[in-house]
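The values are calculated or read from the model by the stated rules, or taken from the named source; none is laboratory data. A quick note: this is a predicted structure, and the numbers were derived from the prediction, not measured. Methodologically, a virtual Cβ is constructed for each residue, glycine included, from the backbone with ideal geometry; neighbour enumeration extends over all protein chains shown. When the accessible area is computed, the model is the full protein with side chains, heavy atoms only, and any ligands, DNA or RNA have been set aside. Shrake-Rupley method; radii C 1.70, N 1.55, O 1.52, S 1.80 Å.
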Amino acid sequence: MRSSQSPSSLRQKLALGAALFSLTATAYPRPGGGANRWHVLHHAREAALEYDYVVIGGGTAGLTVADRLTEDPNTTVLVIEYGALSDSALISTVQGGFRGFDAQFLYAIESVPQTHLKNRTTGVLAGKVVGGSSAVNAMMTVRGTAEDYDRWGSFFEGSPDGDEEEERGGGESNNGWSWSGMLPYFRKALHFEPPLPQVAQTSGIVYNTSFWGNTSGVFTGWPSFQFPGTTVQFDAFRSMPGVKFPVDSGAGEPGVYWFPSFMDPHSVTRSYARTGHHNRAMARNTSNYHLLTRTKVDHIVLAQKGDGPNAKAIATGVRFTVNATASVSVPEDAQASKNNNGSSSSSSSSSSSTTVPVTGWNTTTHSHTQFVRARREVILAAGGIHSPQILQLSGVGPRRLLAEANISTIVDLPGVGQNFQDHPMLTASFVLSNYSSVHPTSADLFLNATFRAWSDAAWKANRTGPQSLGIGNAAAWLPFPVISPRWSEISGDLFSQKHAAYLPEGTDDTVAAGYAAQMTSYATALRNNRTAFYSNVLSGGANSGTLVLLHPLSRGTVNIDPVDPHNREPLVNYRAMSNPLDGMVMAEMIRYTRRFFMENPVYTPYGPVELAPGDYVNSDEDLVMYLSETITPSEYHPAGTCAMLPRALGGVVDQKLRVYGIDGLRVVDASIFPTLPGANTCQTVYAVAEKAADIIKAAAKSVSK
Ligand SMILES: Cc1cc2nc3c(=O)[nH]c(=O)nc-3n(C[C@H](O)[C@H](O)[C@H](O)COP(=O)(O)OP(=O)(O)OC[C@H]3O[C@@H](n4cnc5c(N)ncnc54)[C@H](O)[C@@H]3O)c2cc1C
């Protein structure tokens, strides 16, 4: 419809609208009295004009960093989170480990059709809620092997970027990105609670507290019940050659071991970034931590610093869109906490009650964009899928992609959104047909009314019994030579591959060089017993569990959608099995599992049967075909898309997690992993975030000296 208004009268109306909006913004009532009593903001209007740090994403890493930075009452932090603050029991319930997999807490993203998986697509699961993916995950608390973290640092040793780091005061060449550098942060990241002695004894749970800490607000603990069949599974692995049984899941060694769950064993509820860090920051009752929910950051604002050849970009703040009519819902407990907050005085400079000026008022969508300045730094913690998207939308990424999407390139960083990795899950189904002598199993929860009634009663009485169990607490994490007699051949094939041939056409040379470095490292790892490639979760039941490829060789991409980059989710392409050797490694994983079930003296009395792929699926070709038809390319561990690698290897951030070519901007989340650890990723994200917080604090100290 055409407007009959003259341009000047329209301009006047817009100006009046904006002025009125500013007035209402200033007059917005402030329950509790004053911005500086607030932690969870009701509306974007309540945000201060500037903070020391603005954190994009209130997920696993974002809340950890924000909590640690605001331990100093003089440091102000605003966290902006797209999802809501939820008290849903779906999140807190531990039972089964999967209750948080609910659409209301997840992004709705479908991958692009996977060329090597018969054009199948897959759901891209990532948490959209305060706590991020730590709120929805399956609570498995595991870390990779020592070699997984030594590998991270190894990419820097002797590289020009490493030397440059030294000159900038970076310290040792790998900056502590190694097992010994990470171990203190694994300890700091979690509060480990040992299992109940009687449960440990009957189930044979072993652990060693020297690998754990007990000061974090994020707990990892144990259910009060384990199914007895897990002991049978341990025995079955004892009969397989070469399998080791480390003293603790945190020892950094491959093998078959017990591991705890992200749960508070006192309340028997999920423990995650919201309960462990957001609540901790709130409880301090200082005014320097603000959280803005249901707000999507559009881009990071970059300005030019300096002139001529020395010109650099600097991140000055972030811009986000606010729907003027929507206020942010705050759960009851957060309200109470705000209103009970006694102190109104603070040295925090964010305590200014000045409201943020409205810009870009849009009369059609009734939304406006808002800018918040970061005095010191912007910290990007939007996770493996959205951190690269936000960088690309901000003009930081591969120049060709940005041009296609009509976005001016501010820093040409070819690695942004490339090097995408996730753990593929394989279905190889074996069942023990004569397992009735092992009782109870999880199937009895559905099939045996007496057991179900006992289980319900135990849970009701004191939150004990089978319903305190998540997804399970034991698994095998095995090196390739342990599972395959073909380790030498496949490792040799990987050494001699023309690696760049398996990357998308047009991949930048630096990204290809980084990929080649990773493949060389993996070719070595395929020959040794220090890196786990195979994982198999043990649930104690008669059915085999899901197999996971822990170090995929294929690399995908997460790129903005050029058709509508600002409003559409990014194009997620796992490119699973694009490196054909992934098929060979996974085929060996199936063969090993077949031997484990069908030729295992411990299992023979239980009548093992192969359901899938079927014993007639034997040759490399048939197994690879089966895999391409059945694997899921993701275990919901997106990583690597803003990789911490030298720039010459396609890196996006340096060892201090600073984005190359930009001052005042770091990335802290799973996207910085240069390679996946051979484990579920949450514990590593917490440790990375703890380390990042120390790096950021040290940088602030050195500036203020
Ligand atoms: C279903 C599922 C099961 C899993 N199971 C396990 C497990 O059992 N054990 C394990 O170790 N790991 C598991 N993981 C993986 C693990 O939880 C993640 O690797 C980890 O939590 C990721 O942390 P992160 O900080 O990188 O990202 P996240 O925790 O996902 O945080 C990113 C945050 O940024 C927000 N955000 C994104 N874009 C924007 C924007 N534009 N503006 C504002 N905010 C934004 C998101 O809403 C989110 O809250 C699982 C993950 C999922 C999804």
Residue-wise, which Karplus ³J(HN,Hα) couplings in Hz belong to segment 137-145, taking 6.51 cos²θ - 1.76 cosθ + 1.60, θ = phi - 60°, and x for glycine or proline?
-> 6, 8, 6, 6, 9, 9, 10, x, 7
Gap in Å between the Cα centre of segment 591-629 and the Cα centre of segment 503-526?
-> 32
Relative to the chain, whose Cα atoms define the longest principal axis, helix 383-393 and its Cα axis are tilted in degrees, nearest 10, by 40
Residue-by-residue Karplus 3J(HN,Hα) for segment 581-598, coefficients 6.51, -1.76, 1.60, Hz, glycine and proline x | 5, 4, x, 5, 5, 5, 4, 5, 5, 5, 4, 5, 5, 4, 5, 4, 7, 8
Would you kindly work out the equivalent ellipsoid of segment 579-654 from its C-alpha gyration tensor and give its semi-axes, the square roots of five times the eigenvalues, largest first in whole Å?
-> 36, 15, 11
Spelling it out for residue 474: with amide H atoms placed in the peptide plane at 1.01 Å from N, the residues 5 or more places away or on another chain with amide H under 5 Å from its amide H are 259, 538
Send over the semi-axes of the chain's equivalent ellipsoid, whole angstrom and largest first, taken as the square roots of 5 times the C-alpha gyration tensor eigenvalues.
-> 43, 30, 24
Kirkwood hydrodynamic radius for segment 45-93: how many Å is it when counted over pairs of different Cα atoms?
-> 12.1
For segment 394-446, alpha-carbon Rg relative to the globular expectation (2.2 N^0.38 Å, N residues) | 2.52
Helix 509-525 sits off the longest principal axis of the Cα atoms of the chain, rounded to the nearest 10 on a 0 to 90 degree scale, by 30
Using a 1.4 Å probe over the heavy atoms of the protein chains, calculate the carbon and sulfur portion of the accessible area of segment 563-619 as a whole percent.
-> 57
MRE, 222 nm, helices only [DSSP H, n ≥ 4, -39500 (n - 2.57), over the chain, to nearest 500] | -9000 deg cm²/dmol
Averaged per residue, the 1.4 Å probe accessible area of segment 647-697, protein heavy atoms only, in Å², is roughly 14
Counting Lys +1, Arg +1, Asp -1, Glu -1, what net charge surrounds residue 220 among other residues with beta carbon under 10 Å of its beta carbon?
-> -2
Which order do peptides 617-627, 667-677 fall in by mean Cβ count within 10 Å, highest first?
-> 667-677, 617-627
What is the sum of charges around residue 88, taking Lys and Arg as +1, Asp and Glu as -1, for the other residues whose C-beta is under 12 Å from the C-beta of residue 88?
-> +1
The set of residues whose placed amide H lies less than 5 Å from the amide H of residue 55, leaving out same-chain residues fewer than 5 positions away, is 78, 79, 80, 379
Calculate one ³J(HN,Hα) per residue across segment 621-633 by plugging θ = phi - 60° into the Karplus curve 6.51 cos²θ - 1.76 cosθ + 1.60, and present them in order as whole Hz with x for glycine and proline.
-> 4, 5, 5, 5, 4, 4, 4, 5, 8, 10, 5, 9, x
For the Cα atoms of the chain, what angle does the longest principal axis make with the long axis of helix 7-27, in degrees from 0 to 90, nearest 10?
-> 70
For residue 114, which sequence-distant residues (separation of 5 or more, or a different chain) have an amide H within less than 5 Å of its own amide H, given hydrogens modelled in the peptide plane?
-> 119, 120, 121
Note down the net charge around residue 321, summing +1 for each Lys or Arg and -1 for each Asp or Glu among other residues with Cβ under 12 Å from its Cβ.
-> +2
